[in-house]
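Readers should treat all values here as calculations from the given coordinates under stated rules, not as data from a laboratory. Small disclaimer: the values here were computed from a predicted structure and weren't measured. Glycine also receives a Cβ, built like all others from the backbone with ideal geometry; neighbour counts cover every protein chain displayed.
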Amino acid sequence: MTGSVHYRFEQVAPHAWAAVALDAGAAVGNAGIADLGGRALVVDCGFTPAGAADLRAAAERLAGPVERLVITHADFDHYGGAQAFADLPILASRTTAATIAEAGPKRIAGFREEMATYLDELEEQGAPDWEKEQGRRIVAEIPGLVLTPPTETFAGEPELDGATVIDCGAAHTAGDGVVWFPAERVLFTGDLVGVGSHLNLTRGHPPGNWLAILDRLAALEPAHVVPGHGPPAGPEALAAARRYVETVVELAATPGDHELPSEYAAWSYPEGFHGNIDALRGTG
């Protein structure tokens with residue numbers, strides 16, 4: 001699909017696409033599309049309904065009528081746009097659905113308070129042009145934002161006509177899920193993997209869980225990985241995520257201040273690195 005200011009759609013396999021969030025768009029988080037025999041499965045839906053509307057239109061053009069939306073985890077940039085799919089089944093793990101139901105209304109209320117001054121704050125901070133444009137797009141949508149929670153929940157590894165949804169447990173959030181498309185060896189990971197983007201380990205869940213999940217996902221032997229942030233990649237993205245988590249854990253256990261390792265200096269969200277160390281040390 002051309003013309004979207006929110007996503008770039010990249011085909012990663014004959015019947016699977018990554019929807020990569022554009023810097024100045026109002027999607028913020030990535031999404032994915034799988035063609036399940038002329039019916040589309042959409043994975044995550046971005047921050048705002050406008051981005052999600054673009055996503056749905058692309059899914060219908062590329063793969064056919066959307067059959068279901070799957071939410072991988074309860075971060076707003078992965079479920080906030082769900083009202084564009086309100087007429088369809090929306091699936092999430094039990095933990096993710098419960099978190100959205102509890103935290104979602106507070107998040108929207110908070111956005112409505114924050115957005116009154118958000119653009120002025122970006123100007124005062126000297127934010128880059130792309131971030132200010134993204135801010136304008138998000139602010140424009142906040143008044144019409146309606147929480148659209150999951151309508152279906154799952155545990156374990158249910159099959160969805162050719163795709164498998166896997167409840168991975170607590171790592172990045174209290175309940176992280178992935179979607180595995182085995183016919184084409186495509187793995188949609190949500191924020192368990194970022195490509196060129198710092199992961200967020202600040203939620204208080206044992207990092208050993210994250211490492212075990214990454215090992216479990218690597219055992220699937222995916223050929224294509226669609227991350228929660230950053231461009232699609234191959235299986236090396238799982239190894240890179242594992243190395244990142246291990247590095248943060250090791251440095252957090254080592255006394256003193258630490259410079260951002262050169263390996264991660266060019267990654268997006270660099271402030272997240274020291275935030276992760278502080279959180280693991282219990283000082284964040």
Would you call Arg107 surrounded by fewer than 16 Cβ atoms within 10 Å (Cβ to Cβ) and under 29 Å from Ser268 (Cα atoms)? no
So, Pro222, is that one without any contact (Cβ under 8 Å) to a residue 40 or more places away in the chain and either in contact with a Leu (Cβ under 9 Å, 6 or more places away or on another chain) or crowded, with 19+ Cβ neighbours inside 10 Å (or both) or not? no
Just checking, which of Ala103, Ala84, Ala109 is assigned to a helix (DSSP H, G or I), in contact with a Lys or Arg (Cβ under 6 Å, 6 or more places away or on another chain) and without any contact (Cβ under 8 Å) to a residue 40 or more places away in the chain? Ala84
In segment 16-25, residue farthest from Trp130 (Cα to Cα) [restricted to those that are surrounded by fewer than 20 Cβ atoms within 10 Å (Cβ to Cβ) and touching a residue at least 40 places away in the same chain (Cβ under 8 Å)]: Asp23
Report, by residue number, each residue of segment 138-152 that is over 18 Å from Gly46 (Cβ atoms) and surrounded by fewer than 16 Cβ atoms within 10 Å (Cβ to Cβ). Glu152
Across segment 9-55, the tally of residues that are within 20 Å of Asp75 (Cβ to Cβ) and touching a Pro at 6+ places or on another chain (Cβ under 7 Å) stands at 3
Which numbered condition Ala26 misses (of (1) closer than 23 Å to Glu152 by Cβ; (2) in a loop (DSSP other than H, G, I, E, B); (3) not basic (Lys, Arg)): (1)
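Can you tell me which residue among Val28, Val43 is surrounded by 21 or more Cβ atoms within 10 Å (Cβ to Cβ) and touching a helix residue (DSSP H, G or I) at 6+ places or on another chain (Cβ under 6 Å)?
Of the residues listed, the single one that is surrounded by 21 or more Cβ atoms within 10 Å (Cβ to Cβ) and touching a helix residue (DSSP H, G or I) at 6+ places or on another chain (Cβ under 6 Å) is Val28.
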Note on segment 50-79: residues more than 20 Å from Pro158 (Cα to Cα) and not in a helix (DSSP H, G or I) are Gly64, Pro65, Asp75
What's the total number of residues in segment 235-259 that are surrounded by 15 or more Cβ atoms within 10 Å (Cβ to Cβ) and more than 28 Å from Pro222 (Cα to Cα)? 3
What is the one condition in (1) closer than 30 Å to Ala127 by Cα; (2) touching a residue at least 12 places away in the same chain (Cβ under 8 Å) that Gly3 does not satisfy? (2)
Determine which member of the set Gly162, Gly208, Gly135 is in contact (Cβ under 8 Å) with a residue 40 or more places away in the chain and either more than 16 Å from the chain's Cα centre (by Cα) or crowded, with 16+ Cβ neighbours inside 10 Å (or both). Gly162
